[in-house]
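Trainee: Structure below; questions to follow.
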Protein chains: 4
Amino acid sequence: MQKEHFLDRFHRNERLIGLSDGVFSIVLTLLVLELRIPQFPHHPTATELWQALERIGPKIISFLLSFLFIASLWFTHNQLFKLFDKVDNAMLWYNNFLLLVICFIPFPTALIGEYPDNPVGIALFGSIWVMVPLLIYLIGSRAYHKNYLHHTVDRNRYRFLRNLTLIYAPLSAIPIAFAWTIPKLAFAIYILMMIGGIVAGFFVKVVED
Amino acid sequence: MQKEHFLDRFHRNERLIGLSDGVFSIVLTLLVLELRIPQFPHHPTATELWQALERIGPKIISFLLSFLFIASLWFTHNQLFKLFDKVDNAMLWYNNFLLLVICFIPFPTALIGEYPDNPVGIALFGSIWVMVPLLIYLIGSRAYHKNYLHHTVDRNRYRFLRNLTLIYAPLSAIPIAFAWTIPKLAFAIYILMMIGGIVAGFFVKVVED
Amino acid sequence: MQKEHFLDRFHRNERLIGLSDGVFSIVLTLLVLELRIPQFPHHPTATELWQALERIGPKIISFLLSFLFIASLWFTHNQLFKLFDKVDNAMLWYNNFLLLVICFIPFPTALIGEYPDNPVGIALFGSIWVMVPLLIYLIGSRAYHKNYLHHTVDRNRYRFLRNLTLIYAPLSAIPIAFAWTIPKLAFAIYILMMIGGIVAGFFVKVVED
Amino acid sequence: MQKEHFLDRFHRNERLIGLSDGVFSIVLTLLVLELRIPQFPHHPTATELWQALERIGPKIISFLLSFLFIASLWFTHNQLFKLFDKVDNAMLWYNNFLLLVICFIPFPTALIGEYPDNPVGIALFGSIWVMVPLLIYLIGSRAYHKNYLHHTVDRNRYRFLRNLTLIYAPLSAIPIAFAWTIPKLAFAIYILMMIGGIVAGFFVKVVED
């Protein structure tokens, strides 16, 4: 193998992708384990079973939301790392911390599913919304300054999006303050932010076809 | 790296495959966790242990069926995505929703294993049979209209199979109606549909060798 | 992309590898979940905690054995599939059934860990030892007859090993008969077979460097 | 496919990477499952829920430490295997044993989380710190003597690092002796060793860009 070919493989680091996709797929799949089948002392009728499922409704909603949230993080992660020719040690560790935050998501999710009106779960969930854009900013910024971007990437748009990520982090902290007085509003804002993020993802384009 | 080579890698999106195979393999493996070892107050004799295993027979059958169902979904997913030169944002999100449905499969599976005669589990299982072909239709249709198919794909056969998928979705809804009166028949139909699907998969061919 | 290049990618089917490695790594990792931390009504002394760990000794041994067994299956799977230029639909399904058997391994493992002297667990474990070589034979045989082997593979040695696999299956069934009378002997034979298999794996060579 | 190209693929063994990354990502993700949501007989106030979370503080710290430890092992594994042109059967098995040790990490982690002052958990944790560098030494040494290193690797630096690993193993055993008298000190030393290892990883360089 030629030295250049070797260095290309050496630097691109497909294992960062392998580890990250592994963590994403496991977290996505583990979320459903929170949904426990209702237990009955006798054989339940269809109506009884249906009502029991309705009672775990908040858990099903929190499962759906967390799934969408993690799926949209994967989408962003995917779009970002595709732009890099090289990944260095610092970026590997920023990514490890990002995976740490992602692995933690099922915990506040389960808290919100169990105690939907309690601000603690929503505040923990919100703090994830602060840390994720900060870590993405660190990764994106490092790649920019170290010149690891592929040459077809539009640097102006890339810089604009990177700065947007930086603004996003403190804004995400605001609903944590709300959480203690109007938890439902804080939660609703996070849901809107997520849907907005997914929709915006369709229009983001930093590489010309 | 050349621009064309980069765009080829950029568009093919092997991470969609990585994430999907991760989810498929975890869901397949988690199914066996539903099989709990029988507990005894004393050291059981071979006969006692064997009888205890017979009693969890319905769970073992529901484990086998779900494994085959998810394995056949993986097979279809595999055959489909091999045909695409490119995957776009819309297809990524259709696929995320497909993975959401697949992650949900262990829940109705566990319901059917616990309450085999109750229509609720079978109805939930059936609704998965409706959503899966719809999402596969959306993915396949998008690739067709956006011209992402590899040039060796036979477009007539592809279109024929895509339309078949669309017919399949409402047909899969019919046994849900049965489920409330004759649950065993509804379940049997889904099993026959699955076996039919696996057998049919051997004859489907949209690329000439 | 050229047609030949496309067909090469189309046929080699890296997703079979992706799905299989996913299943192998999850089954390997889930085995440790059977090891539960001992619980105490008070803060235990070092001696108490150590004795409690000694009491779960059989579980630790069954964890180690299952890990080695599955790791050696992965090793064989790896050695085998490296030889193929192409994988077809039948082989995909034989492999799916192989994965089904592998996913099932934690169940008899847990049975043996809980009831080490009970023949039922050992008989179930033994039946896995019969099914695995049969499925490997089917995969290897299909590749041979359909001419999917890479041209550097030594066909005589390949055929010899394939036939060995076929003999291995009925031989693996013999200790199941023992299991009902001398369970410890049956289990010891499986352990010896596994160690023998790992050692033999070092000398198997069907491709010249 | 040409014979040389085939052998290159045959020897590099991307499946070792696939299996290892699978195991790493699952172990990282499973760690969070140890964090159970606090249960209350009534709807807790924010203060009550917060205090309940504070009580599981040691578990959260042991979660963070294990995550960092396993992430830094992945980092080392990644840096090491990138240097090899070829991986042989012996290295596959050394790696399998390394994965066995990694899969075992959640067990002493849970022990330390549950009984932070008990030396048994810390001694088990410490024995992992002895086995990991030994296995890494075996892998690195085999690659060196069999000449599997890529030609751009600086052999002097590689040899120096390999010998460092060998010194590291017995040094890691020293805190195990401490553990029985001053468990907190032994644990603190392992944490310092981990942080030192992560920092050192940034300066290790065996390939010139």
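Rule-based calculations on the coordinates, nothing more; no lab input. This one's a predicted model, so the numbers in the text were calculated from it and none came from an experiment. Please note: Cβ atoms are built from the backbone with ideal geometry, for glycine as well, and neighbour counts cover all protein chains shown.
Trainee: Rank the residues A:His150, A:His77, B:His151 as a footprinting-exposure proxy: fewest other Cβ atoms within 10 Å of their Cβ go first.
Mentor: B:His151, A:His150, A:His77
Trainee: Report the label-to-label distance for B:Thr181 and C:Glu14 in nanometres (one decimal), using points 7 Å from each Cα along the Cα→Cβ vector.
Mentor: Those two pseudo-labels are separated by 5.3 nm.
Trainee: Just want the ordering: B:Glu14, B:Glu34, from fewest to most Cβ atoms lying within 10 Å of their own Cβ.
Mentor: The fewest-first ordering by Cβ neighbours comes to B:Glu14, B:Glu34.
Trainee: In debye, nearest 20, what is the charge dipole magnitude of the protein assembly as shown about its Cα centre with +1 on Lys and Arg Cβ and -1 on Asp and Glu Cβ, if you could check?
Mentor: Dipole about the Cα centre, nearest 20: 1560 debye.
Trainee: Is the shape of the range D:155-209 rounded, prolate or oblate, going by the alpha carbon gyration tensor and its root eigenvalues a ≥ b ≥ c, with a/c under 1.5 for rounded and a/b larger than b/c for prolate?
Mentor: Note, shape of the range D:155-209 comes out oblate.
Trainee: With all pairs of different alpha carbon atoms counted, what Kirkwood hydrodynamic radius in Å does the range C:91-209 show?
Mentor: 15.6 Å
Trainee: Starting at the first residue of the range C:93-105, write each ³J(HN,Hα) from the Karplus equation 6.51 cos²θ - 1.76 cosθ + 1.60 with θ = phi - 60°, in whole Hz, x for Gly and Pro.
Mentor: Each residue of the range C:93-105 in turn: 6, 4, 5, 4, 5, 4, 5, 4, 5, 5, 4, 7, 3 Hz.
Trainee: Which Cα, out of A:Ser20, B:Ile70, C:Phe104, lies furthest along the positive dipole direction of the protein assembly as shown (beta carbon charges, K/R +1, D/E -1)?
Mentor: A:Ser20
Trainee: Let's test the formula: R0 of 35 Å, r as the Cβ-Cβ distance of D:Trp50 and A:Asn156. What FRET efficiency results, to the nearest 0.05?
Mentor: Once rounded, the FRET efficiency stands at 0.20.
Trainee: If I histogram all Cα-Cα distances within the protein assembly as shown using bins 20 Å wide from 0, what percent of pairs lands in each bin?
Mentor: P(r) for the protein assembly as shown, in whole percents per bin: 14, 48, 35, 3.
Trainee: Still on this structure, I have one more. Could you give me the percent of Cα pairs per 5 Å distance bin for the range B:58-146, shortest bin first, beginning at zero and ending with the bin that holds the maximum distance?
Mentor: 3, 13, 23, 22, 15, 11, 7, 4, 2, 0
Trainee: Treat every Asp and Glu Cβ in the range B:125-209 as -1 and every Lys and Arg Cβ as +1, leave all other atoms uncharged, and give the resulting dipole magnitude about the Cα centre to the nearest 20 debye.
Mentor: 200 debye
Trainee: Of the candidates D:Leu33, D:Leu92, D:Leu64, which one comes out as most mobile in a Gaussian network treatment of chain D with C-alpha springs shorter than 10 Å?
Mentor: Largest GNM mean-square fluctuation: D:Leu33.
Trainee: In terms of the Cα gyration tensor, with a ≥ b ≥ c the square roots of its eigenvalues, is the range B:119-183 rounded because a/c is under 1.5, prolate because a/b exceeds b/c, or oblate?
Mentor: Prolate is the answer for the range B:119-183, as a/c is 1.5 or above and a/b outweighs b/c.
Trainee: Please state the charge dipole magnitude for chain A, taken about the Cα centre, from unit charges on C-beta atoms (+1 on K and R, -1 on D and E), reported in debye and rounded to the nearest 20.
Mentor: Taking the Cα centre of chain A as origin, the dipole is about 560 debye.
Trainee: Read phi for every residue in the range C:140-155 and hand back ³J(HN,Hα) as whole Hz from Karplus 6.51 cos²θ - 1.76 cosθ + 1.60, θ = phi - 60°, with x for Gly and Pro.
Mentor: Result, ordered by residue: x, 6, 4, 4, 5, 6, 8, 6, 9, 6, 5, 5, 7, 6, 6, 5 Hz.
Trainee: For chain B, take the longest principal axis of its alpha carbons; what is the angle in degrees between that and the long axis of helix B:57-81, to the nearest 10 within 0 to 90?
Mentor: Around 0 degrees separate the two axes.
Trainee: Can you give the mean number of other chain Cβ atoms that lie within 10 Å of the Cβ atoms in peptide D:194-206?
Mentor: Rounded to a whole number, the mean comes out at 1.
Trainee: Please find, in a Gaussian network model of chain C (springs between Cα atoms separated by less than 10 Å), the residue of C:Pro108, C:Pro116, C:Pro38 whose mean-square fluctuation is greatest.
Mentor: C:Pro38
Trainee: Continuing with this model, one more query. With just the Cα atoms defining each centre, how far is the range A:26-79 from the range C:34-86? Give it in Å.
Mentor: First find each Cα centre; the distance between them is then 30 Å.
Trainee: Still on this structure, I have one more. Picking from B:Asn156, B:Asn13, B:Asn95, which is most flexible by a Gaussian network model of chain B using Cα springs under 10 Å?
Mentor: Result for chain B, Cα springs under 10 Å: B:Asn156 fluctuates most.
Trainee: Given A:Lys205/B:Lys82; B:Lys184/C:Lys59; A:Lys59/D:Lys59, which pairs have Cα atoms separated by over 29 Å?
Mentor: B:Lys184/C:Lys59
Trainee: I would also like to ask the following. Label D:Ile61 and B:Arg36 with points 7 Å out from Cα along Cα→Cβ: what is the distance between them in nm?
Mentor: About 3.5 nm, to one decimal.
Trainee: Taking a ≥ b ≥ c as the square roots of the Cα gyration tensor eigenvalues, with a/c under 1.5 meaning rounded and otherwise prolate when a/b beats b/c, else oblate, which class fits chain B?
Mentor: Prolate is the answer for chain B, as a/c is 1.5 or above and a/b outweighs b/c.
Trainee: Something else: So, in nm, how far is label C:Met193 from label D:Leu192 when the simple model puts each one 7 Å beyond its Cα toward the Cβ?
Mentor: 5.2 nm
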